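Asks: I'd like to ask some things about the structure below.
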Amino acid sequence: MLRKSRFIGNARMLHKSVKRTDYKLHRTDIPARSTIFSLIQPTGTFHLGNYLGAVRVWKDLCDLKQPDTKLLFGTADLHAITVPKPNTSEFRRYRQEAIASILSIGIDPTRAIVFHQSQVAQHTELHWLLSTITPMGSLNRMTQWKSKSNLKDLNDADAVGAVKLGLFSYPVLQAADILLYKSTHVPVGDDQAQHLELTRDIAQRFNTLYNREFFQLPTTILAPTKRILSLANTAKKMSKSDPNQNALIYLNDEPDVISRKIRKAVTDSVSHEFKYDPVLRPGVANLINVISGVQRKSIEDVEKDIAKYHSHQDFKNYVTEVLVEELRDPREKFMKYMKEPQYLEEITKSGAESASEIAEQNMKTIKEIMGF
Ligand code: AMP
């Protein structure tokens, strides 16, 4: 009975810990003295889904210039190897491209600490400490290890047995990443919401076990834009791992490439009007969702703007125009940063030094609390 009521209490608290932001962030969204933290896997150039679903919110948070707020952003390069990266020169380039992408969308390294996760050793140290209080059952409920290892049948003992420990336990590393900085807010895409719930659960377990309110339970900040779908198959999300490169738009795609991909994007045969109907017209709805995200306008306002189009060609030309305009600046900056590897190196080196200072101090307290 007691157990049950505690669970209900927790469930309510977890629910309150998720916040979907408006198209424009407001200072009131983030209290002063917050610590905002998020990482992205360096597994290729960022695409529209990464941009609208996650990293543009990082830039908006930088632009808020909220006093006394700590911002930490970077690459989750230790997470990236949960799907092994034996091509090390490609992996090295991906790490560099991720930093160039972060800077090119306007994240200001004088406002935010920008670094690679692997540069701060305490992430893996805290991962171990937290893994000792994380139930296997909680990890078992996570969906990503199942989808990333292409498990079709959970009763197939051989297939389950072949899953690597790192892929299974990486939500604990994610919790360690976040809690290491005593983060208060974590901006992520919808697909990470489940891991954030686990993070709060682990933080609560730690606080309860050691009878200290040490970790504040971090709030999940969700971008206002709904998940961006593949341009080729609306049953799937837009994803770097898609073998069909026409299915996604990268932030550094040239205008003619954007135009070609949008021309090929699946829609339907209705052309007298373009309306948002994710069930009956998912292809059109996806493109409307993209415009709404880019322009920070409601779906209804976008529908009004596009009411004048009565052919696929006109509608798709408009989508192309909107994207080419939005991505021009990031593309040019990305090209520039990729020619300055030394600069990128300096940014992450100094970012890692600042992150390590916070990590070292918190780790010292955590170990004291745990009796080391
Ligand atoms: P990943 O590329 O899986 O490392 O994702 C990095 C961030 O982008 C995460 O916060 C994801 O939730 C977000 N993200 C990835 N793909 C999409 C998508 N198609 N639509 C919206 N957000 C996405």
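Asks: Among the residues of the stretch 318-326, are any within 28 Å of the chain's Cα centre (by Cα) and under 30 Å from E125 (Cβ atoms)?
Replies: no
Asks: List every residue pair whose Cβ atoms sit under 7 Å apart, with the two residues 6 or more apart in sequence or on different chains, where the first one lies in the stretch 188-211 and is touching a residue at least 60 places away in the same chain (Cβ under 8 Å) and within 18 Å of V55 (Cα to Cα) and the second, anywhere, is surrounded by fewer than 20 Cβ atoms within 10 Å (Cβ to Cβ) and among the β-branched types (V, I, T).
Replies: A193/V18
Asks: Any idea which of (1) near the ligand (Cβ under 9 Å from one of its atoms); (2) open to solvent by 20 Å² or more (accessible area, probe 1.4 Å); (3) modelled with pLDDT under 85 is the one P67 doesn't satisfy?
Replies: The failed condition is (1).
Asks: Any residue in the stretch 252-263 that's closer than 9 Å to L327 by Cβ: show its pairings with residues that are among the hydroxyl-bearing types (S, T, Y) and at pLDDT below 95 at Cβ separation under 6 Å, as long as the two are six or more apart or on different chains.
Replies: N252/T45
Asks: Moving on. Looking at L179, L222 in this structure, which one is out of contact with any His (no Cβ under 9 Å at 6 or more places or on another chain) and at pLDDT 95 or above?
Replies: Result: L179 is the single residue among L179, L222 that is out of contact with any His (no Cβ under 9 Å at 6 or more places or on another chain) and at pLDDT 95 or above.
Asks: Test V172 against the stated conditions and say whether it is β-branched (V, I, T), touching a residue at least 40 places away in the same chain (Cβ under 8 Å), within 16 Å of the ligand (Cβ to nearest atom) and surrounded by 14 or more Cβ atoms within 10 Å (Cβ to Cβ). Please lay out each step first, then the result.
Replies: Values: β-branched (V, I, T): yes; touching a residue at least 40 places away in the same chain (Cβ under 8 Å): yes; within 16 Å of the ligand (Cβ to nearest atom): no; surrounded by 14 or more Cβ atoms within 10 Å (Cβ to Cβ): yes.
So V172 fails the test.
Asks: Does the stretch 22-43 contain at least one residue that is modelled with pLDDT under 90, within 13 Å of the ligand (Cβ to nearest atom) and not charged (D, E, K, R)?
Replies: Residues of the stretch 22-43 that are modelled with pLDDT under 90, as a first pass: 22-32, 43.
Still in the list and also within 13 Å of the ligand (Cβ to nearest atom): 43.
Still in the list and also not charged (D, E, K, R): 43.
Scanning the stretch 22-43 turns up at least one residue that is modelled with pLDDT under 90, within 13 Å of the ligand (Cβ to nearest atom) and not charged (D, E, K, R).
This table checks each residue for (1) surrounded by fewer than 18 Cβ atoms within 10 Å (Cβ to Cβ); (2) more than 9 Å from the ligand (Cβ to nearest atom); (3) under 30 Å from Y250 (Cα atoms); (4) of a type in the set (S, T, Y).
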position: P187; (1), (2), (3), (4): no, no, yes, no
position: D190; (1), (2), (3), (4): yes, no, yes, no
position: Q194; (1), (2), (3), (4): yes, yes, yes, no
position: A203; (1), (2), (3), (4): no, yes, no, no
position: E213; (1), (2), (3), (4): yes, yes, no, no
position: P218; (1), (2), (3), (4): no, yes, no, no
position: I221; (1), (2), (3), (4): no, yes, yes, no
position: T225; (1), (2), (3), (4): no, no, yes, yes
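Asks: Could I ask something else about it? Is one or more of the residues making up the stretch 51-68 part of a loop (DSSP other than H, G, I, E, B), among the aliphatic types (A, V, I, L, M) and under 17 Å from the mean Cα position of the chain (by Cα)?
Replies: Looking through the stretch 51-68, none of the residues is part of a loop (DSSP other than H, G, I, E, B), among the aliphatic types (A, V, I, L, M) and under 17 Å from the mean Cα position of the chain (by Cα).
Asks: For L48, are the conditions met, namely being under 27 Å from L327 (Cα atoms), open to solvent by less than 40 Å² (accessible area, probe 1.4 Å) and modelled with pLDDT of 95 or more?
Replies: It is true that L48 is under 27 Å from L327 (Cα atoms), open to solvent by less than 40 Å² (accessible area, probe 1.4 Å) and modelled with pLDDT of 95 or more.
Asks: If you don't mind, another one. From D77, D108, D60, which residue is touching a helix residue (DSSP H, G or I) at 6+ places or on another chain (Cβ under 6 Å), of a type in the set (D, E) and within 16 Å of the ligand (Cβ to nearest atom)?
Replies: Criteria check complete, one pass: D77.
Asks: So which of S239, S292, S259 ends up being among the polar types (S, T, N, Q) and either more than 16 Å from the ligand (Cβ to nearest atom) or open to solvent by 60 Å² or more (accessible area, probe 1.4 Å) (or both)?
Replies: Working: S239 fails: either more than 16 Å from the ligand (Cβ to nearest atom) or open to solvent by 60 Å² or more (accessible area, probe 1.4 Å) (or both); S292 fails: either more than 16 Å from the ligand (Cβ to nearest atom) or open to solvent by 60 Å² or more (accessible area, probe 1.4 Å) (or both).
So the residue among S239, S292, S259 that is among the polar types (S, T, N, Q) and either more than 16 Å from the ligand (Cβ to nearest atom) or open to solvent by 60 Å² or more (accessible area, probe 1.4 Å) (or both) is S259.
The values are calculated or read from the model by the stated rules, or taken from the named source; none is laboratory data. Keep in mind that this is a model prediction, so the values were computed, not measured. So basically every Cβ, Gly included, is an ideal-geometry build from the backbone, and we count neighbours across all protein chains shown. Protein only, heavy atoms only, side chains kept; ligands, DNA and RNA dropped before computing areas. Shrake-Rupley method; radii C 1.70, N 1.55, O 1.52, S 1.80 Å.
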